[in-house]
Amino acid sequence: MADEAKSFSQQLQGFWVTFATMFKKVNTVQYPEVKEPTAERFHGRHQLNRYDDGLEKCIGCELCAWACPADAIYVEGADNTEEKRFSPGERFGQVYQINYLRCIFCGLCIEACPTRALTMTNEYELADNGRAKLIFEKEDLLAPLRNGMIAPPHPMYPDSSHLNYYKGEITGSHPSQATGEQE
Amino acid sequence: MNTAALIGKDPGWIILVKGLLIFVFCVVCTLMAVWGERRIVARMQMRLGPNRVGKFGLLQALADGVKLALKEDLIPAAADKIVFIIAPIISATTCFMAFAVIPFTGNVTLFGHKTAMQLTDLPVSVLYILAIASIGVYGIVLAGWSSGSTYPLLGGLRSSAQVISYEVAMGLSLVAVFIYSGSMSTSEIVAAQHQWWFSVILFPSFVIYVISMVGETNRAPFDLAEAEGELVGGFHTEYSSLKFALFFLAEYVNIVAVSSLATTLFMGGYHALPGLTFTESWLGGWFTLFWFVAKVVSFFFLFVWLRGTLPRLRYDQFMKFGWKVLIPTSLVWILVLATLRVMSQRAVSRPVVIGFSIGVVLLVMLATTVYDRSTAKAKAANGLPDLPAPRFPVPALPGQSVVNQIVTPIEAVAEMENHNG
């Protein structure tokens with residue numbers, strides 16, 4: 001009898017729990033109006049990064065495409081020439097596509113990238129109303145030009161090699177890069 | 001002049017207007033109930049609930065209704081077409097009919113005509129409500145049967161068994177009200193509560209009624225008929241579009257109906273809360289409608305609260321509770337109450353009444369003690385036979401080390417058989 005009385009009072013406690021919860025702050029986020037920041041390392045849309053002088057980091061090696069378990073990435077590399085240089089070194093990514101209908105945001109492509117050209121942003125609003133619209137091209141993925149960057153194609157920093165770029169020794173553009181004249 | 005005589009003089013057009021008003025009341029109640037339930041349950045789960053359609057999401061139910069109506073109306077090939085169509089109609093019509101005898105207000109003036117907001121008053125109106133509720137079960141049974149599919153059939157059976165079982169308990173709880181008020185007419189029962197509500201004097205009946213009204217309406221925690229995990233949608237699995245909407249409507253109108261009945265029979269109907277009786281004359285008597293609605297809404301809140309709190313009962317637990325707890329308790333309570341009633345009518349002296357009450361309490365205590373003892377004994381006697389400890393690996397209990405001695409299942413079975421044989 002004592003046990004039954006106890007379990008009954010415990011059941012009443014359950015009623016109090018739901019009643020008290022009504023007056024607690026709700027967890028719902030009114031999404032389209034209110035946007036909460038994501039976790040710092042949230043896996044969102046990809047981004048193709050640039051060096052500080054504006055040259056692209058992508059070397060068109062396709063390692064990201066090979067690492068992708070969902071086969072969402074398509075890369076075509078091409079050779080840089082002295083007249084048209086997009087990245088330091090030999091090659092650059094001429095065609096770069098990510099199909100967001102296939103991408104599972106696992107981040108294996110980021111791990112595979114040898115030059116940290118490919119990283120992920122926190123942007124998650126990727127819904128659209130067409131299949132073709134969800135295949136992002138290189139120009140959709142490229143990081144915007146920041147202050148001091150020059151839009152490629154342009155020559156490398158004077159007297160530097162791709163290794164200087166790789167080691168992070170190029171911290172801005174040189175005036176000569178904009179005009180394309182070699183000193 | 002009593003209510004029955006008052007509304008007996010209603011001309012036809014007043015009756016029509018009243019009928020329309022009651023219908024509108026039910027439909028609006030349903031719309032608000034769907035919205036209210038979703039909002040309240042959401043708050044109980046720390047969510048917001050629908051708040052997009054209209055102000056505070058008030059038009060959510062309307063939007064859902066329009067969506068339902070525009071959906072494709074499927075009739076399964078295996079279904080019995082005619083019954084399949086009739087079933088939701090039965091459900092939806094019967095639930096409205098109970099409102100015919102519910103007194104919404106005291107005496108008021110409607111379009112210059114003195115009347116009371118009650119469509120009709122029968123000398124047996126509460127029996128009428130019970131009868132209508134039983135007919136409502138046909139909707140469920142026929143829907144389950146005519147769908148020509150397993151889950152609906154099982155859901156329909158469960159539902160009907162449930163409603164019928166709980167109707168017995170409900171009916172018995174109402175007997176106490178009949179005994180005390182000396183009438184089965186709703187308006188007279190309300191009038192009999194002008195001093196004390198029956199929920200106070202007849203508290204056990206009230207509790208039994210509240211439990212059985214939840215069982216009767218197939219609502220959580222008694223919503224076994226539509227246990228999603230077991231029966232998909234229960235009796236309405238095969239229904240879509242407007243026919244499904246009719247069942248949906250019936251469920252909510254039913255909730256409002258049993259809440260109204262509870263208000264009428266136990267909570268003093270349209271009477272104001274004790275101490276606020278002066279409000280009953282406000283707005284020419286129309287203010288009593290507020291009290292009625294307030295009481296119904298609080299019952300509805302109880303429904304939602306139960307749904308937000310309790311998990312669904314298992315079917316056998318539910319039936320056991322209905323037949324072995326609610327009904328016997330009701331019977332004993334009615335017996336005691338009837339005896340007390342007879343005593344008070346025959347003007348038996350006070351000490352005898354008190355002595356009888358104490359005797360009943362002692363008897364109940366004795367009975368429960370004996371029951372407890374016997375169940376404890378039965379438990380001890382029915383202990384499992386003393387089997388040897390299993391030699392196959394079993395998960396360790398706290399403070400035990402795992403038996404790391406692997407025996408093939410065949411050996412283990414052989415050993416058990418040896419032991420038994």
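Where a number appears in this text, it was derived from the coordinates with a stated rule and is not lab data. From a predicted model like this one, the values you see are computed outputs, not experimental measurements. Backbone-built Cβ (ideal geometry, glycine too); neighbour counts: all protein chains shown.
Would you mind telling me which residue in B:369, B:30, B:263 has the biggest mean-square fluctuation in a Gaussian network model of chain B, where springs connect alpha carbons within a distance under 10 angstrom?
Of B:369, B:30, B:263, the most mobile in the Gaussian network model is B:369.
Summing -39500 (n - 2.57) over the DSSP H runs of n ≥ 4 in chain B and dividing by its residue number, what mean residue ellipticity at 222 nm do you reach, to the nearest 500 deg cm²/dmol?
Using -39500 (n - 2.57) per qualifying helix, the result is -21000 deg cm²/dmol.
Which angle between 0 and 90 degrees, to the nearest 10, do you get for helix B:12-44 versus the longest principal axis of chain B when only C-alpha atoms count?
Helix B:12-44 sits at roughly 40 degrees to that axis.
Treat the count of other C-beta atoms within 10 Å as a stand-in for reagent exposure and order B:194, A:162, A:46 from fewest to most.
B:194, A:162, A:46
Using just the Cα positions, wrap the range A:1-125 in a convex hull and report its mean projected area in square nanometres, one decimal place.
With every direction weighted equally, the projected area is 13.6 nm².
Between B:245, B:63, B:192, where does the largest GNM mean-square fluctuation fall for chain B, given springs only between Cα atoms within less than 10 Å?
Of B:245, B:63, B:192, the Gaussian network model singles out B:63 as fluctuating most.
Would you mind checking the radius of gyration and Dmax of the range B:92-250 based on alpha-carbon positions, in Å?
So, for the range B:92-250, Rg and Dmax equal 18.0, 56 Å respectively.
Could you work out the mean count of beta carbons from other protein chains within 10 Å of each residue's beta carbon in B:304-310?
Counting other chains' Cβ atoms within 10 Å and averaging over B:304-310 gives 4.
Could you tell me how far the Cα centroid of the range B:61-128 sits from the Cα centroid of the range A:39-90, in Å?
Taking the Cα centre of the range B:61-128 as reference, the centre of the range A:39-90 is 67 Å away.
Cα to Cα, under 25 Å, and not fewer than 8 places away if on the same chain: which lysines meet these conditions relative to residue B:379?
A:6, B:320, B:324
Here are some pairs, A:133/B:67; A:24/B:67; A:24/B:55; B:18/B:295; which of them have Cα atoms lying more than 26 Å apart in this structure?
A:133/B:67; A:24/B:67
Taking C-beta distances below 4.7 angstrom as the pairing criterion, name the unpartnered cysteines of chain A, in sequence order.
Singleton cysteines: A:58, A:61, A:68, A:103, A:106, A:113.
Helix B:409-420 versus the longest principal axis of chain B: what angle, 0 to 90°, nearest 10, using Cα atoms?
Approximately 90 degrees, to the nearest ten.
In percent, what relative contact order does the range B:167-306 have, based on Cα pairs under 8 Å that are 6 or more apart in sequence?
Relative contact order of the range B:167-306: 25 percent.
Any chance you could get the radius of gyration and Dmax over the Cα atoms of the protein assembly as shown, in Å?
According to the Cα coordinates of the protein assembly as shown, Rg and Dmax are 36.7, 124 Å.
Take the eigenvalues of the Cα gyration tensor for the range B:46-178, scale each by 5, and report the square roots as semi-axes in whole Å, largest first.
Equivalent ellipsoid of the range B:46-178: 31, 26, 16 Å, largest first.
Applying a 10 Å radius around every beta-carbon, put A:20-28, B:284-292, B:249-257 in order of their mean neighbour count, most first. List each step's numbers first, then the result.
Numbers: A:20-28: 11.4, B:284-292: 18.2, B:249-257: 24.9.
Averaged packing, sorted descending, gives the order B:249-257, B:284-292, A:20-28.
If you wrap a convex hull around the Cα atoms of the range A:53-169, how much volume per residue is inside, in Å³?
Dividing the Cα hull volume of the range A:53-169 by its residues yields 116 Å³.
Given bins 10 angstrom wide, list per bin the percent of all Cα-Cα distances in chain B, short to long.
Going from the shortest bin to the longest, the percentages are 4, 17, 25, 22, 15, 9, 5, 2, 1, 0.
Helix A:2-21 versus the longest principal axis of chain A: what is the Cα-based angle in degrees, 0 to 90, to the nearest 10?
For helix A:2-21, the angle is close to 50 degrees.
Quick one: order B:184, B:46 by neighbouring beta-carbon count within 10 Å, fewest to most. Display every interim value, and only then the final one.
On the way: B:184 18, B:46 13.
Final ranking by Cβ density, sparse to dense: B:46, B:184.
For A:101, B:366, B:224, A:63, which order do you get if you count the other beta carbons within 10 Å of each Cβ and list the fewest first?
Fewest-to-most ranking of A:101, B:366, B:224, A:63: B:366, A:101, A:63, B:224.
Under 14 Å Cα-Cα from residue A:35, which aspartates and glutamates qualify once same-chain neighbours fewer than 8 residues away are excluded?
Those aspartates and glutamates meeting the cut-off are A:123, A:125.
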